[in-house]
Amino acid sequence: MTVPETAVPDVFDPRRYAVGVPYDHYRVLRDHHPVARQEEPEVLGWPAGPGFWAVTRHADVVRVLKDAASFSSYAGATQIRDPDPDDLPFIRRMMLNQDPPAHGGLRRLVSRAFTPGRIERFTAVVEERARTLWAQAVRRAREEGGTVDVVAAVTDDYALLNLADLLGVPESDRGLLLHWTQRVIGYQDPDEAGAPVRDERGRPVNPRSPAMLRDMFAYARQLAAFKRRQPGDDVLTVLAQDAELADAELEMFFFLLTVAGNDTVRSAAPGGLLALAEHPDAQRELRAGKHELSTAVEELLRWHPPVLTFRRTAVRDTELAGRQIRAGEKVVVFHASANRDERVFAEPDRLDLSRAPNPHVSFGDGPHVCLGAHFARLQLRVLYREALRALPEPWSAGEPRRLVSNFINGVKSLPLHVT
């Protein structure tokens, strides 16, 4: 689709992303409107908002993410749409929605549990799970004519079960993690299990509001009490036994780890598989050992970032790419656009599995860089390695179904032809 250079394309409407990430729109914005005003009309029952600045160049995205003194996560939280003012104090309790120095203190607390050493101990479990899920997928494909939906058969369960092991969630309760993730992440998509819950006046209810998180928080308290009585080698045990961590903070950590920890891999994994299916020569080279798998994972993350956008709020008047940003205005960074910025990446629309350096922002940057990035990379390396072992050369893909969301780069289904 050709976009006139003088026009400012709409990159807000979540329905647009169900068709595909609008990289042509991003390119117009980067080249001609790198910090551009976007309207926030009413969409899918969600009320109109005041609009925001869309930031699409890599350098500007990194600046916003690193400059918490000018661009705050705390002032208006981190979703594009403004939260209900009554909910904002509650939402601000989450580490994701705090600024330094408070953010750093909470991050250090949870880092004690989320250590590379603990994550590495899960490697054998993760490897066995990937082998099992791919073997089951291949069997299902043979039974169903050579095609299998790898989201339903592999990637959803893979991300969910790995997270449940890391957190220490009992097997009987693991379906709750997926339910809560779908409710929080899929709320913009009318076809998802997380489609908007409406109040008595028919208005959609923010899935991050206290009312919508009550059941998750109650479960977090119960699980923490259980871990104090019967500790295990898991993140929740460490958090539950930390005297510095208040119950309210533990609940917020459980929410953040459940949703972000699950959906990062849940979104990135099928996106990487689709990229390899659409680039059979690159897939063959990866099989032949022409690319380091860890380097290939970084390129697949650049190609399909799990998170599309994050919001900040300007807390003082400033200038960004020649535009005057006023205190109180919303500033939204577009990760997927930054990852295709020609100013940083040579031939950004070419999948190069040996690309190095690769300064993508798929896990963010600055003080809020993804705390679980190490765990996510481990899971993706193992999943792709086992896919190359289990599936024939090369596999191809049918048309994916994508999530209606301007936040998560979600793939709801991905048929792979694997026999």
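The values are calculated or read from the model by the stated rules, or taken from the named source; none is laboratory data. Since we're looking at a predicted model, the values are computed, not measured. Here Cβ is always computed from backbone atoms with ideal geometry, including for glycine, and neighbour counts include all displayed protein chains. These accessible areas exclude ligands, DNA and RNA; they are computed on the full protein's heavy atoms, side chains included. Shrake-Rupley method; radii C 1.70, N 1.55, O 1.52, S 1.80 Å.
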inquiry  = With every protein chain left in place and a probe of 1.4 Å, what is the accessible surface of ASP263, to the nearest 10 Å²?
reply    = 10
note = Restricting to Cα pairs under 8 Å and 6 or more apart, the percent relative contact order of the range 270-405 works out to 30
request  = Run down the aspartates and glutamates and flag those whose C-alpha is under 15 Å from the C-alpha of LYS227, throwing out any fewer than 8 positions away in its chain.
outcome  = ASP165, GLU171, ASP173, ASP242, ASP247, GLU251
Segment ALA246-ALA7, extension gain: residue separation times 0.36 nm, minus the distance between their alpha carbons = 81.1 nm
key: Candidate lysines for bridging to LYS330, where Cα separation is under 25 Å - those fewer than 8 sequence places away on the same chain excluded   = LYS66
message = I want the local charge near PHE407. Using Cβ-Cβ distances under 12 Å, sum +1 for each Lys or Arg and -1 for each Asp or Glu among the other residues.
response = +1
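So, counting K/R as plus one and D/E as minus one, what does the shell of residues with Cβ under 10 Å around SER73 add up to? Don't jump to the answer; show the numbers that get you there.
On the way: positive: ARG92, ARG311, ARG312; negative: ASP99.
Residues close to SER73 contribute a combined charge of +2.
For TRP46, TRP180, write out the residues from largest to smallest accessible area, computed with a 1.4 angstrom probe and no ligands counted.
Working: TRP46 30, TRP180 5 Å².
Descending order: TRP46, TRP180.
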request  = Within 10 Å, count the other beta carbons around each residue, average over each peptide in 148-157, 83-92, and list them highest first.
outcome  = 148-157, 83-92
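With both partners inside the chain, how many of the DSSP beta bridges are antiparallel, as a percent to the nearest 5?
Details: 25 of 28 bridges.
Roughly 90 percent of the DSSP beta bridges within the chain come out antiparallel.
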task = Taking only protein heavy atoms into account and a 1.4 Å probe, give the accessible area per residue of the chain in Å².
result = 40
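Rounded to a whole number, what is D in µm²/s for the range 62-175 from Stokes-Einstein with the Kirkwood radius over alpha-carbon pairs (10 °C, 1.306 mPa s)?
Details: Rh = 17.7 Å.
Calculated translational D: 90 µm²/s.
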